[in-house]
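Below is one structure, written out as structure tokens, with a few remarks after it.
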Amino acid sequence: MKNQTSKIKHQESPKGFTLIEVLIATVLIGLSIAALVGANVSFSMANVTGADLSTAEFLAEQIRELTTMLPVVEPGATTWTVLGPESGETTVALYDDVDDFDGFDSASLGAPISAQRTTLPDLSAFRQRVIVEKLNPLNFNEPKADSYTSNFVRVTVTILQSGRPISSASWIRARY
């Protein structure tokens, strides 16, 4: 009798992926894509918000530059009891002192203004609102009535976009 070696049959595994492996890979790829889309939306929203805030800061700075070289009150005025434009100063082009800007709202012009007093129609979704208030000379955090005698004012510019406040900036000016 011949020596027969037992032959061990090796089963070859099938080539390719099983259905479970394909499903797991599909789920993982789907989750990855969903995470990337969500991150992209968040980054886009942050970018738009940053651009709006940058535009708002630019518009506040335009008012600051415009009022920097203006006196606080009407040149030559001995008494100063009313804030806002004097009679005859019907347009922003005629404002000749800082207190004339009290109550200014660029919405009446249809667009915000630049430091050169020209409108910026490309930014018409934004508007500038200005408040000038007299301050207690001993406490700059305490606003006073228009009739109060003070040599200090706070100018506050609020920038709105579609009626929603985006940014606000304030600074103090002394009457000189």
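Annotations for the structure displayed:
- Our estimate of slack between residue 46 and residue 116, defined as 0.36 nm per intervening residue step minus the Cα-Cα distance, is 22.1 nm.
- Projected label distance in nm at residue 37 and residue 91, using a 7 Å step from Cα toward the beta-carbon: 5.3 nm
- Note: relative contact order over the chain, using C-alpha pairs below 8 Å and six or more positions apart, is 18 percent.
- Estimated [θ] at 222 nm from DSSP helical runs (n ≥ 4, -39500 (n - 2.57)) normalised by residues in the chain, nearest 500: -10500 deg cm²/dmol
- Unit Cα scatterers, Debye sum, region 101-161: log10 I(q)/I(0) for q = 0.19, 0.24, 0.26 Å⁻¹: -0.70, -0.87, -0.96
- Highest-first packing order for the peptide set 27-35, 49-57 is 49-57, 27-35, based on the mean count of other beta carbon atoms within 10 Å.
- Dividing the convex hull volume of the alpha-carbon atoms in region 35-111 by its residue count gives 108 Å³ per residue.
- Under-5 Å amide H pairs with residue 166, H placed in peptide plane, nonlocal only: 159, 160, 161
- Karplus (6.51, -1.76, 1.60) ³J(HN,Hα), θ = phi - 60°, over region 72-81, in Hz, Gly and Pro reported as x: 5, 10, 3, x, x, 6, 8, 10, 8, 10
- Choice from 37, 153, 98 showing the highest fluctuation, given a GNM over the chain with Cα pairs closer than 10 Å: 37
- Within a Gaussian network of the chain (alpha carbon springs, distance under 10 Å), most fluctuating of 65, 86, 21: 21
- GNM remark for the chain: springs join alpha carbons under 10 Å apart, and the peak mean-square fluctuation among 68, 79, 119 falls on 79.
- Modelled this way, with points 7 Å down the Cα-to-C-beta line, the labels at residue 19 and residue 170 are 7.0 nm from one another.
- Derived scalar couplings ³J(HN,Hα) [region 121-126; Karplus, 6.51 cos²θ - 1.76 cosθ + 1.60; whole Hz; x for Gly, Pro]: x, 5, 10, 5, 6, 9
- Percent breakdown of C-alpha pair distances by 5 Å bin, ordered from the shortest bin, for region 38-174: 2, 10, 19, 20, 17, 13, 8, 5, 3, 2, 1, 0, 0
Since every read-out is calculated from the coordinates, none of them should be taken as a lab result. Small disclaimer: the values here were computed from a predicted structure and weren't measured. Methodologically, a virtual Cβ is constructed for each residue, glycine included, from the backbone with ideal geometry; neighbour enumeration extends over all protein chains shown.
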